Amino acid sequence: MVSAKGGAGTQRRPLRNFIDGEFVDGGLPFEIRNPATGAVHAVAYEADATMIDSAVAAGRRCVDGEWGQMPLVRRRALLAQVAARIEERFDEFLEAEIADTGKPRSMAAHLDIPRGAANFRIFADFIASLPDEAFEMDTPDGGRAINYSVRKPLGVVGVISPWNLPLLLMTWKVAPAMACGNAVVVKPSEETPSTTTLLAEVMNEVGIPAGAFNVVHGFGPGSAGEMITSHPGIRAITFTGETRTGAAIMRSAAATTKALSFELGGKNPAIVFADADFDAAVAGLARAAFLNTGQVCLAPERIYVERPIFDRFVAAMKEKAEALRPGLPDADGTDLGPLISEEHRQKVLEYYRLAIEEGATLVTGGGVPALEGLAAGGYFVEPTIWTGLPQNARVTREEIFGPCCHIAPFDSEEEAIGLANDTDYGLASSVWTRDLSRAHRVGRAMNVGISWVNSWFLRDLRTAFGGAKQSGFGREGGAHSIAFYSEITNICIKV
Ligand code: NAD
Ligand code: 6OD
């Protein structure tokens, strides 16, 4: 029986598990809320151990059979059809993503759904262009030998994804994994299972063999997440989420020595030099700090600004933050959505409180906006800016994952680099300057996986993406994804 905690009268879409090419009944129901209103809009069914076993067995059969053996040209064509079908069903994906996340329609329409399709298209193309390696060698008896490598599927890959960019981040892993001939067992976030479930329909519509793509719903510890990470039939786990969760997954996956690729949390710095294009830096960093209500792993929560332009920069960021209009995804002019859940809102508000306790000067925000109508039930917070915190404050060291940033002044390039790198994380950075030499120098000095200069979240999907330090390990993107999702066999032939 599903409890009726909210959304009375709302139609609740059932989201079933998808195993071996079929939607299956069963599993304990749990409610999915629209964070913009707090109303329940769907019910997903938590997969049990038998379902996970079935999904893994189906995946194995598929890798050993039709999917794993399929000529690459045919596999690529099917994945390109997945991309095309997402585009044909664009509006349904859009509605599903908006219902799960409450994000503004314009954002989902320009970022989330197009990237869902692009991930399939790019990897379907990219895998065809990747050379294999070959080395000719001298042998001890004076002859020669030729080595060449071939890529094979790893097997069944577990994909565990978060709620902030649900379709984008899930397909970013599923597309290359499938391009390499693997089967996947996907567990979307328990907060945002809708677009992954819709993708299962697409897989059947375009003729992806049964078992290549499986979806299991549920939670982390003691649920579908942990059942995947500990399953002996799964060869690799690709995970995006919190650093703490990554540590738990590592422990669980250790017993069966799975390959791991982790994209984890961040406490990303931005550096603005006095010679930067001021308006571009303000526009770029206001977008970076507040896009998706700050729920982007790459968002800069620490901004360092060269002292001569510090006051002007803070004032300009304040103006940008105060111009943002929170509201329902479709309401006129909405450009700020809610946080994902009441629980996450409480976490963010606790940091808002802590910032003041730690001695911050509140530039703007710090609370909950007064909204009317349906949005009054949503999980909104105000975009918030602080100054004046020391480098060792918890607010400047811990990932908050909300629409907020701390801005601090610096006096030299060396100091700015030191401040930016003074963190346990190392995901992304954003440096703003017009000085070309400095752009290269400081861009390289950032101890991160992704270092942007005069930009942020500008993506070429062939490039390496991932984190340094506690922001993850392994890189995905282009050849890095293909390497992770492949088993390479070197063949050495004595001639
Ligand atoms: P989360 O770690 O709470 O959950 C992510 C996924 O892991 C969910 O599907 C969840 O059910 C599952 N999970 C949780 N515990 C598990 C366990 N013990 N075993 C197996 N699965 C488990 O993360 P979230 O709250 O969904 O997402 C926000 C976090 O993700 C932030 O820290 C953010 O920085 C990070 N993130 C990182 C990137 C990146 O590219 N580095 C991208 C997006 C989000
Ligand atoms: O663009 C991507 O490929 C990617 N992985 C983005 C991650 C965003 C984090 O919230």
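In the full protein context, the chain carries 39 Å² of accessible surface per residue, based on a 1.4 Å probe and ignoring ligands, DNA and RNA.
In this simple spin-label approximation, R441 and A134 carry label points 7 Å from Cα along the Cα→Cβ vector, and these lie 4.6 nm apart. Measuring nothing but protein heavy atoms, the accessible surface of the chain at 1.4 Å probe radius is 54 percent carbon and sulfur.
The stretch 108-128 and the stretch 155-231 have Cα centres spaced 16 Å apart. Of A117, A210, W172, which is farthest on the positive side of the dipole of the chain, counting Cα position, with +1 on Lys and Arg Cβ, -1 on Asp and Glu Cβ, and the Cα centre as origin? Going by the Cα projections, it comes out as A210.
Remark on the stretch 96-218: ratio of C-alpha radius of gyration to 2.2 N^0.38 Å is 1.40.
Over all directions, what mean area does the Cα convex hull of the stretch 1-147 project, stated in square nanometres?
On the way: hull surface 55.7 nm².
Across all orientations, the stretch 1-147 yields a mean hull projection of 13.9 nm².
Over the stretch 315-414, the ratio between the Cα radius of gyration and 2.2 N^0.38 Å evaluates to 1.15. Each residue of the stretch 51-62 was assigned a 3J(HN,Hα) from its phi angle through the Karplus expression (A = 6.51, B = -1.76, C = 1.60, θ = phi - 60°), giving 5, 5, 4, 5, 5, 5, 5, 5, x, 4, 4, 6 Hz with x at Gly and Pro.
What area, in nm² and to one decimal, does the C-alpha convex hull of the stretch 274-330 cast on average over all directions?
4.4 nm²
Summing +1 for each Lys or Arg and -1 for each Asp or Glu, what net charge is found among the other residues whose Cβ lies under 13 Å from the Cβ of M70? Can you show the working numbers first?
Details: positive: R74, R75, R76, K152; negative: D64, E66.
Value of the local net charge: +2.
Any idea what diffusion coefficient the chain gets from Stokes-Einstein, in µm²/s, Kirkwood Rh on alpha carbon pairs, 37 °C, 0.692 mPa s?
Details: Rh = 23.6 Å.
For these conditions, the coefficient is 139 µm²/s.
Shape summary: the stretch 400-490 maps onto an equivalent ellipsoid whose semi-axes, from the alpha-carbon gyration tensor, are 28, 16, 13 Å in decreasing order. About its Cα centre, the dipole of the chain is roughly 740 debye, where the only charges are +1 on Lys and Arg Cβ and -1 on Asp and Glu Cβ.
Just the number, please: percent antiparallel of the DSSP beta bridges in the stretch 377-489, rounded to the nearest 5. Of all bridge pairs located within the stretch 377-489, approximately 25 percent are antiparallel.
The values are calculated or read from the model by the stated rules, or taken from the named source; none is laboratory data. What you see is a predicted model, and the numbers here were worked out from it, not measured in a lab. Neighbour counts are summed over all protein chains in view; Cβ atoms, including those assigned to glycine, are modelled from backbone coordinates with ideal geometry. Ligands, DNA and RNA are stripped out before the accessible areas are found, and what is left, the full protein with its side chains, is counted by its heavy atoms. Shrake-Rupley method; radii C 1.70, N 1.55, O 1.52, S 1.80 Å.
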